[in-house]
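Below is one structure, written out as structure tokens; comments come after it.
The values are calculated or read from the model by the stated rules, or taken from the named source; none is laboratory data. Bear in mind that the values here come from a model prediction, so they are computed numbers and not experimental data. Note that we place each Cβ from the backbone using ideal geometry, even for glycine, and neighbour counts take in every protein chain shown.
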Amino acid sequence: MAEIVPLKELAAQVRSGMRVAVPADYCGVAMAATAAIIAQRPENLHLVCVPITGMQGDMLIGEGLVGVLETSAVTLGEAGGAPRFLDGVRAGAFRLMDATCPAVHSGLIAAQKGVPFLPIRGIVGSDLLKTRTDWQIIANPFAENDPIVVVPAIHPDIALFHAPEADRFGNVRIGRRRELATMAYASKATLVTVERISETSLLHDEDSAAGVLPALYIDRIAVAPRGAWPIGLWSEYPADTAEIARYAAMARTPEGFAAYMDGFTRRLAEAA
Amino acid sequence: MSAPRRTAQDYSQRELLIATIADLLDGIRHVAVGASSPIPAAGAMLLRARNELHGREPVRISILGSQAHNFFTNGGVEVFDCAAQGRIDAFFLGGGQIDGQANINLVGTGDYPHTDVRWPGCFGSAFLYFLVPRVILFREEHSPRVLVDKVDYISAPGTSEGVARSGGPYALLTGMALFSFDPAHKRFALRSVHRGATMAEVRANTGFDYDTPAEPPHTPAPDAETLAILRGRVTQELAETYPQFAEILRSAQAAA
């Protein structure tokens with residue numbers, strides 16, 4: 001059950017070789033936790049991006065901690081391409097599992113339901129199928145002449161995200177970011193950083209309970225004020241676009257990236 | 001249309017694209033727009049405002065990643081479920097490369113996976129291209145490196161055989177011209193050329209072969225009413241989700 005711990009202890013749960021699911025920038029990205037994870041240097045992570053990633057994935061790649069990258073896209077949004085990702089692709093620095101957004105969701109939903117795979121429309125004829133040999137085309141058993149793609153269940157070891165608040169019982173408010181629940185259902189352990197911890201239960205009334213991921217699915221919670229910075233957090237604060245642009249410019253070279261990362265933890269603390 | 005179309009004297013290239021997108025969307029009820037697509041979003045907002053003004057069918061717009069223009073409550077998967085249910089009539093896709101059979105490449109050039117040039121990735125294209133009836137391919141850059149004979153990587157195919165498919169390419173809009181797509185013949189046809197460009201320039205800058213009428217018309221200029229809505233209400237609405245783009249539109253209007 002959910003335990004409230006210091007950030008460092010939460011980060012220590014992420015160990016070498018683990019499959020880690022992280023959300024897209026609009027869902028609450030645990031950036032302070034990412035810095036804490038980087039400090040502990042787990043290697044050969046299999047990053048499952050739900051369904052895409054940005055600065056967080058790019059940083060983990062730049063630090064050389066990603067062995068497998070499963071994603072539908074990597075982008076810094078208005079700041080442009082993700083430089084460490086682009087460099088890593090050219091260098092073959094990790095195994096690339098290109099995906100398409102709904103297939104990532106389907107894989108997690110299959111795990112949520114405890115079934116081995118889920119069928120999904122589209123995809124046939126896309127070159128994705130040439131390298132995603134784990135995706136297959138089967139005949140619809142209920143109709144004639146209806147080939148359909150099936151994707152296997154995705155079982156992450158860890159789901160990691162940042163949310164506005166948890167209560168002291170370990171329930172976490174996720175609002176309408178339902179993929180965070182799907183990630184937690186599918187994963188062996190869920191790690192959440194939050195802006196604050198409330199004394200009253202988020203399950204105390206129906207209105208608030210509807211947007212809550214119950215403690216049942218959560219293993220560790222750590223308080224990290226402005227813990228998504230420089231990425232924004234829904235209903236809390238916008239992205240720091242100047243900072244992301246600064247990262248985009250500096251991370252173009254390995255040296256620039258190292259220089260950026262050098263002060264990152266300190267600036268995270270200042271932003272908080 | 002209640003009022004006769006009057007051609008305004010002055011409009012920008014961006015305004016032409018936005019007005020053309022609104023025309024291409026005519027008749028739809030629900031359009032989804034990607035997070036970083038201000039021109040398609042503006043086109044959708046223009047159609048919505050115009051329909052409201054003329055008492056026509058209301059238009060629903062879902063801008064992915066926006067808080068104000070996003071009514072979904074079931075997380076990131078809902079837009080895809082919604083498309084699979086047939087509840088999304090139109091969507092926009094771009095691509096680093098688009099070929100003559102409307103295959104699109106959002107991944108990169110060269111030998112996959114160690115592509116020479118790498119783009120962000122497929123996003124939802126390999127799914128939505130199959131399920132949204134009116135997919136508008138939109139790419140401002142009209143050049144032989146974008147409009148190629150054959151894409152290096154097929155993120156999503158333009159046509160399919162023997163596979164369930166209810167959607168696909170409807171038109172291709174660039175900064176130079178508008179094409180329609182014929183899925184039966186897997187070919188684009190030039191529909192109109194924007195002001196300032198010629199048929200020969202379009203041909204020279206297109207890397208694939210396409211059909212062309214003897215004398216393709218100019219893309220219709222936005223009329224005065226359209227420009228008024230665009231410069232007023234639409235620019236205001238855009239500012240919520242695309243503050244930088246709205247600012248660019250405003251300063252261009254001030255300079256005009």
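Looking at B:Leu249, is it outside any loop (DSSP other than H, G, I, E, B), crowded, with 19+ Cβ neighbours inside 10 Å and at pLDDT below 95? Spell out the reasoning first.
On the way: outside any loop (DSSP other than H, G, I, E, B): yes; crowded, with 19+ Cβ neighbours inside 10 Å: yes; at pLDDT below 95: yes.
Taking the combined requirement at face value, the residue satisfies it.
With A:Leu69, A:Leu10, A:Leu86, A:Leu45 as the choices, which residue is in contact with a strand residue (DSSP E or B) (Cβ under 6 Å, 6 or more places away or on another chain), farther than 24 Å from A:Val151 by Cβ and either charged (D, E, K, R) or surrounded by 24 or more Cβ atoms within 10 Å (Cβ to Cβ) (or both)?
On the way: A:Leu69 fails: farther than 24 Å from A:Val151 by Cβ; A:Leu86 fails: either charged (D, E, K, R) or surrounded by 24 or more Cβ atoms within 10 Å (Cβ to Cβ) (or both); A:Leu45 fails: farther than 24 Å from A:Val151 by Cβ.
Of the residues listed, the single one that is in contact with a strand residue (DSSP E or B) (Cβ under 6 Å, 6 or more places away or on another chain), farther than 24 Å from A:Val151 by Cβ and either charged (D, E, K, R) or surrounded by 24 or more Cβ atoms within 10 Å (Cβ to Cβ) (or both) is A:Leu10.
Would you confirm whether any residue within the range A:59-68 is acidic (Asp, Glu), modelled with pLDDT of 95 or more and under 18 Å from A:Asp157 (Cα atoms)? I'd like the intermediate steps shown before the answer.
Step one: list which residues in the range A:59-68 are acidic (Asp, Glu), which gives A:63.
Keeping just the survivors that are modelled with pLDDT of 95 or more gives A:63.
Cutting the leftovers down to under 18 Å from A:Asp157 (Cα atoms) gives us none.
The answer is no, given that none of the residues of the range A:59-68 is acidic (Asp, Glu), modelled with pLDDT of 95 or more and under 18 Å from A:Asp157 (Cα atoms).
Given the conditions (1) in contact with a His (Cβ under 9 Å, 6 or more places away or on another chain); (2) away from chain B (no Cβ under 13 Å); (3) in contact (Cβ under 8 Å) with a residue 60 or more places away in the chain, and given that A:Val48 satisfies all but one, which numbered condition is not satisfied?
(1)
Given the options B:Ala252, B:Ala228, name the one that is assigned by TED's automatic domain parsing to the domain that holds B:Gly65, in contact (Cβ under 8 Å) with a residue 40 or more places away in the chain and among the small types (Gly, Ala, Ser). It would help to see each step written out before you state the result.
Details: B:Ala228 fails: in contact (Cβ under 8 Å) with a residue 40 or more places away in the chain.
On inspection, the qualifying residue turns out to be B:Ala252.
Collect the residues in the range B:84-98 that are among the small types (Gly, Ala, Ser), within 12 Å of another protein chain (Cβ to nearest Cβ) and either assigned to a loop (DSSP other than H, G, I, E, B) or at positive phi (or both), keeping them in residue-number order.
B:Gly86, B:Gly96
State all residues of the range A:231-244 that are away from chain B (no Cβ under 14 Å) and outside any loop (DSSP other than H, G, I, E, B); if no residue qualifies, say none.
Step one: filter the range A:231-244 for residues away from chain B (no Cβ under 14 Å), giving A:240, A:243.
Passing the criteria: only A:Glu243.
Among the residues of the range A:144-189, which ones are more than 14 Å from chain B (Cβ to nearest Cβ), in contact with a Lys or Arg (Cβ under 8 Å, 6 or more places away or on another chain) and within 14 Å of A:Pro214 (Cα to Cα)?
Answer for the range A:144-189, where residues must be more than 14 Å from chain B (Cβ to nearest Cβ), in contact with a Lys or Arg (Cβ under 8 Å, 6 or more places away or on another chain) and within 14 Å of A:Pro214 (Cα to Cα): A:Glu165, A:Ala166, A:Ala189.
Kindly indicate whether any position in the range A:138-148 is assigned to a strand (DSSP E or B) and crowded, with 16+ Cβ neighbours inside 10 Å. Please lay out each step first, then the result.
Just the residues of the range A:138-148 that are assigned to a strand (DSSP E or B), to begin with: A:138-139, A:147-148.
Cutting the leftovers down to crowded, with 16+ Cβ neighbours inside 10 Å gives us A:148.
Within the range A:138-148 (the criterion being assigned to a strand (DSSP E or B) and crowded, with 16+ Cβ neighbours inside 10 Å), the answer is yes, since at least one residue qualifies.
Just to check your reading of the model, which residue among A:Glu78, A:Glu70, A:Glu63 is more than 14 Å from chain B (Cβ to nearest Cβ) and among the charged types (D, E, K, R)? Spell out how you get there, then give the answer.
On the way: A:Glu78 fails: more than 14 Å from chain B (Cβ to nearest Cβ); A:Glu70 fails: more than 14 Å from chain B (Cβ to nearest Cβ).
Result of the check over A:Glu78, A:Glu70, A:Glu63: A:Glu63.
Counting only residues that are more than 14 Å from chain A (Cβ to nearest Cβ) and not in a loop (DSSP other than H, G, I, E, B), how many does the range B:48-82 have?
If we filter the range B:48-82 for residues that are more than 14 Å from chain A (Cβ to nearest Cβ), which is where we start, we get B:48-61.
In the following step, the residues that additionally are not in a loop (DSSP other than H, G, I, E, B) were identified as B:48-53, B:60-61.
Final tally of qualifying residues: 8.
Among the residues of the range A:89-103, how many are more than 9 Å from every other protein chain (Cβ to nearest Cβ) and either in contact with an Asp or Glu (Cβ under 9 Å, 6 or more places away or on another chain) or over 22 Å from A:Ile61 (Cβ atoms) (or both)? Give the derivation first.
Step one: of the range A:89-103, the residues more than 9 Å from every other protein chain (Cβ to nearest Cβ) are A:93-94, A:97.
Filter once more, so that each one left must be either in contact with an Asp or Glu (Cβ under 9 Å, 6 or more places away or on another chain) or over 22 Å from A:Ile61 (Cβ atoms) (or both): A:93, A:97.
Final tally of qualifying residues: 2.
Here is a yes/no grid of residues against (1) free of Cβ contacts under 8 Å to residues at least 12 places away in the same chain; (2) part of a strand (DSSP E or B); (3) over 20 Å from A:Lys113 (Cα atoms):
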site	(1), (2), (3)
A:Val150	no, yes, no
A:Glu165	no, yes, yes
A:Val192	no, yes, yes
A:Arg196	no, yes, yes
A:Leu216	no, no, no
A:Ile221	no, yes, yes
A:Trp229	no, no, yes
A:Arg246	no, no, yes
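Looking at the range A:177-190, which of its residues are among the hydroxyl-bearing types (Ser, Thr, Tyr) and part of a helix (DSSP H, G or I)? Full working, then the answer.
Kept after step one, since they are among the hydroxyl-bearing types (Ser, Thr, Tyr), are these residues of the range A:177-190: A:182, A:185, A:187, A:190.
Once the filter is applied, which keeps residues that are among the hydroxyl-bearing types (Ser, Thr, Tyr) and part of a helix (DSSP H, G or I), the range A:177-190 yields A:Thr182, A:Tyr185.
Which of the residues belonging to the range A:213-224 are within 11 Å of A:Glu165 (Cβ to Cβ) and either buried (at least 21 other Cβ atoms within 10 Å of the Cβ) or not aliphatic (A, V, I, L, M) (or both)?
Filtering the range A:213-224 for residues within 11 Å of A:Glu165 (Cβ to Cβ) gives A:221, A:223.
Across the range A:213-224, the qualifying residue is only A:Ile221.
Condition first: in contact with a strand residue (DSSP E or B) (Cβ under 7 Å, 6 or more places away or on another chain), among the charged types (D, E, K, R) and at pLDDT 95 or above. Now tell me which residues in the range B:1-34 satisfy that.
Once the filter is applied, which keeps residues that are in contact with a strand residue (DSSP E or B) (Cβ under 7 Å, 6 or more places away or on another chain), among the charged types (D, E, K, R) and at pLDDT 95 or above, the range B:1-34 yields only B:Arg29.
Just to be sure I understand, how many residues within the range A:225-239 are under 20 Å from A:Arg266 (Cβ atoms) and surrounded by fewer than 18 Cβ atoms within 10 Å (Cβ to Cβ)?
Total meeting the criteria: 2.
In this structure, does A:Ala93 turn out to be among the small types (Gly, Ala, Ser) and surrounded by 23 or more Cβ atoms within 10 Å (Cβ to Cβ)? Explain how you work it out, then say what you get.
On the way: among the small types (Gly, Ala, Ser): yes; surrounded by 23 or more Cβ atoms within 10 Å (Cβ to Cβ): no.
The answer is no for A:Ala93.
Restricting attention to the range A:175-185, which residues are in contact with a strand residue (DSSP E or B) (Cβ under 7 Å, 6 or more places away or on another chain) and either in contact (Cβ under 8 Å) with a residue 40 or more places away in the chain or aromatic (Phe, Trp, Tyr) (or both)?
Here is the first cut: in the range A:175-185, the residues in contact with a strand residue (DSSP E or B) (Cβ under 7 Å, 6 or more places away or on another chain) are A:179-181, A:183-184.
A:Glu179, A:Leu180, A:Met183 - these are the residues of the range A:175-185 that are in contact with a strand residue (DSSP E or B) (Cβ under 7 Å, 6 or more places away or on another chain) and either in contact (Cβ under 8 Å) with a residue 40 or more places away in the chain or aromatic (Phe, Trp, Tyr) (or both).
So, in the range B:206-242, of the ones that are of a type in the set (Val, Ile, Thr) and more than 24 Å from B:Pro144 (Cβ to Cβ), which residue ends up surrounded by the most Cβ atoms within 10 Å (Cβ to Cβ)? Can you show your working first?
Start the filter on the range B:206-242 by keeping residues that are of a type in the set (Val, Ile, Thr), which leaves B:206, B:212, B:219, B:226, B:229, B:234-235, B:241.
Within this subset, residues satisfying the condition of being more than 24 Å from B:Pro144 (Cβ to Cβ) are B:226, B:229, B:234-235, B:241.
Working: B:Thr226: 24, B:Ile229: 22, B:Val234: 27, B:Thr235: 18, B:Thr241: 21.
The selected residue is B:Val234.
Check off (1) out of contact with any Ser or Thr (no Cβ under 7 Å at 6 or more places or on another chain); (2) assigned to a loop (DSSP other than H, G, I, E, B) for A:Pro42 and give me the number that stays unchecked.
A:Pro42 satisfies every listed condition except (1).
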